[in-house]
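The values are calculated or read from the model by the stated rules, or taken from the named source; none is laboratory data. Not measured: the values here are computed from a predicted model. Positions of Cβ are backbone-derived with ideal geometry, glycine not excepted, and every protein chain shown enters the neighbour counts. Calculation scope for accessible area: heavy atoms of the full protein, side chains included, ligands and nucleic acids excluded. Shrake-Rupley method; radii C 1.70, N 1.55, O 1.52, S 1.80 Å.
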Amino acid sequence: MAQQSGDPQLTIDPRSGFCKTNSTFYSKRKPISLPTNHALDLTTFISSRPHHAKVAFIDATTGHQLTFADFWRYVESVSTCLSEMGIRKGHVVLLLSPNSIFFPLVSLSVISLGAIITTTNPLNTTQEITKQISDSKPVLAFTIPQLLPKLAHASSTGNLKIVLLPDHQNQNPPNTNSTDLRIIGTLEEMMKREPSETRVKDRVTLDDTATLLYSSGTTGVSKGVISSHGNFIALIQNVSRRFGKSEQEEIYVATVPMFHIYGLAAFTMGLLALGSTVVVLSKFDMADMLSAVQKYRVTYLPLVPPILIGLVNKADEVKKKYDLSSLRTVLCGGAPLSKEVIEGFVDKFPNVTIMQGYALTESTGAGASTDTMEESRRYGTAGLLSPSTEGRIVDPDTGKSLLVNQTGELWLKGPTIMKGYFSNEEATASTLNSEGWLRTGDLCYIDDDGFLFIVDRLKELIKYKGYQVAPAELEALLLGHPEIADAAVIPFPDKEVGQFPMAYVVRKSGTTISGTAVMDFIAKQVAPYKRIRKLAFISSIPKNPSGKILRKDLIKLATSKL
Ligand SMILES: CC(C)(COP(=O)(O)OP(=O)(O)OC[C@H]1O[C@@H](n2cnc3c(N)ncnc32)[C@H](O)[C@@H]1OP(=O)(O)O)[C@@H](O)C(=O)NCCC(=O)NCCSC(=O)/C=C/c1ccc(O)cc1
């Protein structure tokens, strides 16, 4: 292994990557190179990557294709229009859309101007979207006609301007009173605009913000993660190394959402830089995904555990019905994968290599990965630290850095680590220290060979189908019910979905509200994936002397009968 600490005085154990002097684990992967020119934006970086590929995106439903040449011409046209609309460096633009071939186009056009993209899940309720809008303060939103009602409030009362995206899937938009909405154009019109070389171009540097993706981090409610142009360029270098090994051109299916870091980094940036073709599905549907693999001779499937579990469970039926012979690799990220599922997949699909990734929004999609079948067979591992990434294992009680094979909180440092949380100095200070170390909230160890193992979660987070659910958000909503005195929300384990939210509720004395009524009360206010799916009444919520909920005690109580 190369000496990667940058300090020749430091001796790194080549097997584990661990340096005793500073208790730091150094990545065993070859370091990535980063641009020396500070005045570089992410869009220019991606568009200047050399490759000879032709088709960048295919809409799996309509067959509509965008070549690389079309794509970059449209980016120029849309950027010209945005510039004429007054969009400048530092402005925030909201993108509320399911996956589409236009998602990368909007993202990279906005980012090229030094403006900032914020995304949100189309399943979010109007209330949740309005909250994100009041935090991130976008000056413009892109959305499909079907989702207009979710922006009606922000547009009519907050003057949010809207550009409509084409929605070839749904030809019947909902009946929204469009006079209340400030719709200022359509993407299709913008794509026809002649690009102008003389448009206003602010100087964009690697340190400027590119995206504000929302994550609950280690505690509390959703916060805007500030990722810079430099963070994403480092990630693309990482992706290029990892995915660019193949001699053959790869064809990917995009079914995981582009509004999260996983899909955004892969489908709107990394694979575009590599010259791969991405077949886009607007939402996940097993049959549509498998038909797309067969029809477009897809070679590579980036997935999350629930989809992989579905594939393993229905393997015999699936293999009979679809020709999946083109498929060579499956990547699984977003949540842990059990040994049982990996073994099941290897058994049912012996010709497909399975790779895993571990990352956070706060680390702009880097962290650890397995890059070969051999590495993936080290069951339970999340892989080796990403290139140019350093790790520390820290005792959460004493703050002391630990050694090889010792379990503590994983801290990460490197070129993909976020700049902080938007307008939230307190959350930033408790997550990022002054030396640039990010507290992941994951309890881990790194073994003698440098492989990372995630043992548990210190952070207050529920992962439902790879989506984050913040207990604090659901607890605040529960406490808003007039008949609830106190509440705590915990993750409840489930084989298919990973975990789902379970609530412990203390009724106010003299009240009789039912569990179903409480669950309905929450369901009306949140996206379906955040719904409370199990509930128990309790006389009091266990707390420590400073009032912090003792979640581990509640998890023990809830799972003791399993
Ligand atoms: C494809 C999934 C796994 C399943 O889809 P689904 O089953 O159709 O359900 P949905 O999640 O779309 O919808 C949730 C619920 O809403 C329901 N729903 C739907 N639309 C409606 C409706 N219009 N009305 C009412 N109900 C509805 C839907 O039926 C469903 O209900 P339920 O069956 O009760 O859960 C979907 O959940 C999904 O895409 N999850 C992935 C999330 C994800 O990308 N996470 C990554 C986060 S970032 C990260 O961790 C980084 C990872 C990473 C890893 C590796 C790397 O190298 C780098 C990075």
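When the stretch 340-392 is examined, which residues are found to be of a type in the set (G, A, S), part of a loop (DSSP other than H, G, I, E, B) and surrounded by fewer than 21 Cβ atoms within 10 Å (Cβ to Cβ)?
The answer is G380, and nothing else.
In this structure, G310 qualifies as surrounded by fewer than 17 Cβ atoms within 10 Å (Cβ to Cβ) and within 12 Å of the ligand (Cβ to nearest atom). Residues that are modelled with pLDDT under 95, within 29 Å of V469 (Cα to Cα) and in contact with a Gly (Cβ under 6 Å, 6 or more places away or on another chain) do not occur anywhere in the stretch 309-325. Return yes or no: is G515 at positive phi, more than 16 Å from the ligand (Cβ to nearest atom) and not aliphatic (A, V, I, L, M)? Here the answer is no, as G515 does not meet what is asked.
Of all residues in the stretch 393-406, none are surrounded by 21 or more Cβ atoms within 10 Å (Cβ to Cβ) and within 21 Å of the chain's Cα centre (by Cα).
Consider E496 carefully, then state whether it is in contact (Cβ under 8 Å) with a residue 60 or more places away in the chain, in a loop (DSSP other than H, G, I, E, B), crowded, with 20+ Cβ neighbours inside 10 Å and not small (G, A, S).
no
A count restricted to the stretch 460-498 and to residues that are away from the ligand (no atom under 12 Å from the Cβ) and under 18 Å from the mean Cα position of the chain (by Cα) stands at 3.
Of all the listed residues (I58, I32, I46), the sole one being touching a Ser or Thr at 6+ places or on another chain (Cβ under 6 Å), closer than 30 Å to V279 by Cα and among the hydrophobic types (A, V, I, L, M, F, W, C) is I32.
Checking the condition loosely packed, with under 15 Cβ neighbours inside 10 Å and under 23 Å from L212 (Cα atoms), which residue from G63, G90 passes? When all the criteria are applied, what remains is G90. Taking into account only those residues within the stretch 234-281 that are within 11 Å of the ligand (Cβ to nearest atom) and not in a helix (DSSP H, G or I), which is nearest to A56 (Cα to Cα)? By that ranking, first place goes to A254.
Picking from residues in the stretch 290-307 that are under 26 Å from T120 (Cβ atoms) and buried (at least 22 other Cβ atoms within 10 Å of the Cβ), the one that is farthest from the ligand (Cβ to nearest atom) is A292. For the residues A503, A487, the requirement of being in contact with a His (Cβ under 9 Å, 6 or more places away or on another chain) and either in the same structural domain as V312 (by TED's automatic domain parsing) or open to solvent by less than 20 Å² (accessible area, probe 1.4 Å) (or both) singles out A487.
Considering each residue of the stretch 533-556 in turn, at least one proves to be in a helix (DSSP H, G or I), out of contact with any Leu (no Cβ under 9 Å at 6 or more places or on another chain), open to solvent by 80 Å² or more (accessible area, probe 1.4 Å) and free of Cβ contacts under 8 Å to residues at least 12 places away in the same chain. From the list I129, I117, the one residue that fits, being closer than 21 Å to M258 by Cα, without any contact (Cβ under 8 Å) to a residue 60 or more places away in the chain, open to solvent by less than 10 Å² (accessible area, probe 1.4 Å) and within 16 Å of the ligand (Cβ to nearest atom), is I129.
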